[in-house]
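One structure is given below, encoded as structure tokens.
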Amino acid sequence: MGKRIIVQRRGRATSTYKARRKAFHLKIQFPPKLEGKGKVVKLTSTAAHSSPLAKIATKDGSFYVPAYKNMIEGSEIDFDSKEIKQGNILALKDIPIKTKIFCIESRPGDGGKFIKSGGNHAVVNRVIGEHVLVLFPSKKEKKLNPKCKAIIGICAGAGRLDKPVLKAGKQHFIQKKQGKLWPRTSPIKMNAIDHPFGSGRGKNPKSKIAKRNAPPGRKVGLIRPKRTGKKR
């Protein structure tokens, strides 16, 4: 008798697959309006984030952002000046080319969406017209609004992957704290009754794309594209 595949089980949101809410109790983003200066009052960490977090106090309140490399408690952060200093939060239009940045906004005022994992950084690559092109760690460029803000420097927490995980039990808890499923069974290794990709035949299948209206147990593999072929 067949059983529900992992995609269906995850959709039910049972405790096996849900991330712990306690791990995400700190909201990581800076407020849309920043004026004057801020002060680093505390460095902390959470299970859900790979980089240490810094609590920044301002005249209007406080907020949390990923810490930059070599940050210490008591240091000041500037929001208005054009000085290129580690930790300053500036608009992309005020940041020179070849400057390393992280915690970048995708659109002005959203508080920072890109490059927040430990040891990562992007680079302001070039300016074309009304857009600033930022080079991401994936070696791809992204066009962004020049009013989007970012933090200058490199995100703290590098070297996290340098030390090898020597036993499976440690890897289990690393994945569990973020609500990730581990170990993951390859669909090709399953029986045909347990997964659409299962069976002994076709060990090296071509990429499979499920139909857009496929039910949850059948919608596995690649996401169906809206269109195919070269644009004319």
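All of (1) assigned to a loop (DSSP other than H, G, I, E, B); (2) out of contact with any Pro (no Cβ under 8 Å at 6 or more places or on another chain) hold for G157 with one exception: (2).
Being basic (K, R) and surrounded by 15 or more Cβ atoms within 10 Å (Cβ to Cβ) is the filter here, so list the residues in region 117-167 that pass it. If you could, list the steps in order and put the result at the bottom.
Of all residues in region 117-167, those basic (K, R) come to 126, 139-140, 142-143, 147, 149, 160, 163, 167.
If the condition is that a residue be basic (K, R) and surrounded by 15 or more Cβ atoms within 10 Å (Cβ to Cβ), then K142, K149 are the ones that fit.
One residue stands out in region 178-197 among those that are touching a helix residue (DSSP H, G or I) at 6+ places or on another chain (Cβ under 6 Å) and surrounded by 14 or more Cβ atoms within 10 Å (Cβ to Cβ): the one that is nearest to G11 (Cα to Cα), namely H195.
Could you tell me whether region 4-16 includes any residue that is out of contact with any helix residue (DSSP H, G or I) (no Cβ under 8 Å at 6 or more places or on another chain), assigned to a strand (DSSP E or B), among the hydrophobic types (A, V, I, L, M, F, W, C) and in contact (Cβ under 8 Å) with a residue 40 or more places away in the chain? Looking through region 4-16, none of the residues is out of contact with any helix residue (DSSP H, G or I) (no Cβ under 8 Å at 6 or more places or on another chain), assigned to a strand (DSSP E or B), among the hydrophobic types (A, V, I, L, M, F, W, C) and in contact (Cβ under 8 Å) with a residue 40 or more places away in the chain.
Selection over region 1-38 of residues that are of a type outside the set (A, V, I, L, M, F, W, C), over 18 Å from the mean Cα position of the chain (by Cα) and within 24 Å of D110 (Cβ to Cβ) gives a count of 7. Please go through region 32-47 and pick out each residue that is outside any strand (DSSP E or B) and within 30 Å of Q171 (Cβ to Cβ). Within region 32-47, S45, T46, A47 meet the criteria. Between I84, I56, I72, the distinction of being assigned to a strand (DSSP E or B) and over 15 Å from G118 (Cβ atoms) belongs to I56 only. Considered as a group, the residues in region 59-69 that are in a strand (DSSP E or B) and at pLDDT 90 or above include one that is surrounded by the fewest Cβ atoms within 10 Å (Cβ to Cβ), and that residue is S62.
Sort through F136, F114 and tell me the only one that's free of Cβ contacts under 8 Å to residues at least 40 places away in the same chain, within 28 Å of V220 (Cα to Cα) and not basic (K, R).
Working: F136 fails: within 28 Å of V220 (Cα to Cα).
One residue alone meets the criteria, F114.
Evaluating I188 against the criteria (1) in a loop (DSSP other than H, G, I, E, B); (2) farther than 30 Å from T46 by Cα; (3) not charged (D, E, K, R) leaves one unmet condition, (1).
The values are calculated or read from the model by the stated rules, or taken from the named source; none is laboratory data. Owing to the predicted nature of the structure, the values given are computational and were not obtained by experimental measurement. Virtual Cβ from ideal backbone geometry, glycine too; neighbours counted across all protein chains shown.
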